[in-house]
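Enquirer: Sharing a structure here in structure tokens format.
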Amino acid sequence: MSEQPVLLNSLQMARFVARGFLRFDGVVPEEINRQFLAEVGEVAEPEPGRKVMRAFGELLGQAEIPEVAAGAPLSATYPQGSAIRRLLDLPLVKGAIQSLVGPDPVFDHHFLHVTFPPAYHEAGGGENVSQHTHQDSTVDPSKGFDLQVMYYPHKVTREMGGTRFIPGTHLRKVSEVALGRYQNIRGQQHMVCEAGTLLFLHNGLWHGGGVNHADRTRTMFKIRMNPSEPQVRRWDMATLPPPNPRPIFYVKSAQPESVESILMTPEPWFEQDTGRLEFVNRIKLWRHLSGDASYDADHWMSRLENPARA
């Protein structure tokens, strides 16, 4: 009998709404990490004239990861006993997925990301460059979102060029082509982590893969899933406190951490004035997820919706 999911609490949900991600370091047991890497298999050694994409194709051909049609139930996607099935059955993982996209989400796609070290590019005559900054398939303006789970089955060092991402960018839907020109943005983070680390990402978060300067391949497995039910009040609602009106700008003492303090914390890349638009976007998303159309933080929406200003 599988263990019950551990749902996210309200502060974790607020962090996801505000920053577009939740990170859990080293939470996948090493046994599952080893099994996953064994199921993927070893990449062949560098060979003169062999392009990186050919080496990657050969790796995909041997990997024990199923081909799955988009639209299948996530619960029916991976065979029992496989590393990914075992990962998805972990209480923390089940709880995070249920809190963000419901108990039985729809499988969208998965992908095995492998970043090769310099020796492979030199052997194949290719260039070792970072991936452009992008959003993943942002194609609609809906209030909801897809969830992307990024799994790091082995230790990632800074030299290996782990995934970079820019917290708080998920609510800025822009042209992916326009994003591609940006490589370094204030506040960006790079995945340097222990084996078994997970990132749960809003599909709109700006991100990209870094350059691998190490002497071994870097592997990351990503699963994208769609909600099958409204994403409303899915987390541990017993942890949701009432809204906490508080002073803004002129504050004499430190405020305790709350949903409001998290939603109103700016990112380093926020502009002084237009960055406040992100506060409004966060409040709108929190309203959607909490099912409370009247929710406000620090009076931002109340100011905009004041009927006396109509």
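Enquirer: Taking into account only those residues within the stretch 74-89 that are closer than 13 Å to residue 110 by Cα and in contact (Cβ under 8 Å) with a residue 40 or more places away in the chain, which is surrounded by the fewest Cβ atoms within 10 Å (Cβ to Cβ)?
Expert: 74
Enquirer: Do we find a residue being in contact with a helix residue (DSSP H, G or I) (Cβ under 7 Å, 6 or more places away or on another chain) and modelled with pLDDT of 95 or more anywhere in the stretch 242-257?
Expert: Within the stretch 242-257 (the criterion being in contact with a helix residue (DSSP H, G or I) (Cβ under 7 Å, 6 or more places away or on another chain) and modelled with pLDDT of 95 or more), the answer is no, since none of the residues qualifies.
Enquirer: Can you pull out the residues in the stretch 169-205 that are touching a Ser or Thr at 6+ places or on another chain (Cβ under 6 Å), more than 16 Å from residue 147 (Cβ to Cβ) and not basic (Lys, Arg)?
Expert: 179, 182, 191
Enquirer: Here is a further query. Please determine, by comparing only the residues of the stretch 222-256 that are polar (S, T, N, Q) and in contact with a strand residue (DSSP E or B) (Cβ under 8 Å, 6 or more places away or on another chain), which one is surrounded by the most Cβ atoms within 10 Å (Cβ to Cβ).
Expert: 226
Enquirer: Sort out which residues of the stretch 100-127 are in a loop (DSSP other than H, G, I, E, B) and under 22 Å from residue 70 (Cβ atoms), and write them in order of number.
Expert: Selection gives 102, 103, 104, 105.
Enquirer: Those residues that are among the small types (Gly, Ala, Ser) and at positive phi, I need them from the stretch 245-296; list them, please. Steps first, please.
Expert: We begin by selecting, within the stretch 245-296, every residue among the small types (Gly, Ala, Ser); these are 253-254, 258, 261, 275, 290-291, 293-294.
Hit for the stretch 245-296 is 291, nothing else.
Enquirer: Also: State yes or no: is residue 97 among the hydrophobic types (A, V, I, L, M, F, W, C), under 16 Å from the mean Cα position of the chain (by Cα), in the same structural domain as residue 161 (by TED's automatic domain parsing) and surrounded by 18 or more Cβ atoms within 10 Å (Cβ to Cβ)?
Expert: Judged against the criteria, residue 97 is a match.
Enquirer: Scanning for something exposed (fewer than 13 other Cβ atoms within 10 Å of the Cβ), at pLDDT below 90 and either farther than 30 Å from residue 83 by Cα or charged (D, E, K, R) (or both), does the stretch 274-293 turn up at least one residue?
Expert: Within the stretch 274-293, one or more residues are exposed (fewer than 13 other Cβ atoms within 10 Å of the Cβ), at pLDDT below 90 and either farther than 30 Å from residue 83 by Cα or charged (D, E, K, R) (or both).
Enquirer: Another question about this same structure. Here are some residues: 229, 271, 267, 260. Which one is assigned to a helix (DSSP H, G or I) and among the charged types (D, E, K, R)?
Expert: Answer to the check: 260.
Enquirer: Let me ask something additional. Look at the stretch 47-99 and say how many of its residues are assigned to a helix (DSSP H, G or I) and under 24 Å from residue 235 (Cα atoms).
Expert: Quick first cut of the stretch 47-99, residues assigned to a helix (DSSP H, G or I) only: 52-62, 74-76, 83-88, 91-99.
Okay, now just the ones that are also under 24 Å from residue 235 (Cα atoms), so 74-76, 84-88, 91-99.
Of the residues in the stretch 47-99, 17 are assigned to a helix (DSSP H, G or I) and under 24 Å from residue 235 (Cα atoms).
Enquirer: Here's another thing I want to ask about it. Going by the conditions given, is residue 22 closer than 30 Å to residue 291 by Cβ, outside any strand (DSSP E or B), under 18 Å from the mean Cα position of the chain (by Cα) and of a type outside the set (Ser, Thr, Tyr)? Break it down stepwise before answering.
Expert: On the way: closer than 30 Å to residue 291 by Cβ: yes; outside any strand (DSSP E or B): no; under 18 Å from the mean Cα position of the chain (by Cα): yes; of a type outside the set (Ser, Thr, Tyr): yes.
In short, no.
Enquirer: Let me ask something else. Go through the residues of the stretch 224-233 one by one and say whether even a single one is outside the structural domain of residue 162 (by TED's automatic domain parsing), in contact with a Leu (Cβ under 9 Å, 6 or more places away or on another chain), of a type in the set (A, V, I, L, M) and more than 30 Å from residue 114 (Cβ to Cβ).
Expert: Within the stretch 224-233 (the criterion being outside the structural domain of residue 162 (by TED's automatic domain parsing), in contact with a Leu (Cβ under 9 Å, 6 or more places away or on another chain), of a type in the set (A, V, I, L, M) and more than 30 Å from residue 114 (Cβ to Cβ)), the answer is yes, since at least one residue qualifies.
Enquirer: Further question: Which of the residues spanning the stretch 134-163 are modelled with pLDDT of 95 or more and part of a strand (DSSP E or B)?
Expert: Residues satisfying the conditions are 147, 148, 149, 150, 151, 152, 156.
Enquirer: When the residues of the stretch 29-45 are narrowed to those that are touching a helix residue (DSSP H, G or I) at 6+ places or on another chain (Cβ under 6 Å) and under 25 Å from residue 190 (Cβ atoms), which ends up surrounded by the most Cβ atoms within 10 Å (Cβ to Cβ)?
Expert: Only one residue tops the list, namely 36.
Enquirer: State all residues of the stretch 218-229 that are of a type outside the set (A, V, I, L, M) and at pLDDT 95 or above; if no residue qualifies, say none.
Expert: Across the stretch 218-229, the qualifying residues are 218, 219, 221, 222, 224, 226, 227.
Enquirer: Just to be sure, is residue 43 out of contact with any Ser or Thr (no Cβ under 6 Å at 6 or more places or on another chain), in the same structural domain as residue 207 (by TED's automatic domain parsing), of a type outside the set (D, E, K, R) and not in a helix (DSSP H, G or I)?
Expert: Considered against the rule, which asks whether it is out of contact with any Ser or Thr (no Cβ under 6 Å at 6 or more places or on another chain), in the same structural domain as residue 207 (by TED's automatic domain parsing), of a type outside the set (D, E, K, R) and not in a helix (DSSP H, G or I), residue 43 comes out as no.
The values are calculated or read from the model by the stated rules, or taken from the named source; none is laboratory data. Note that this is a predicted model, so its numbers are computed, not measured. Glycine also receives a Cβ, built like all others from the backbone with ideal geometry; neighbour counts cover every protein chain displayed.
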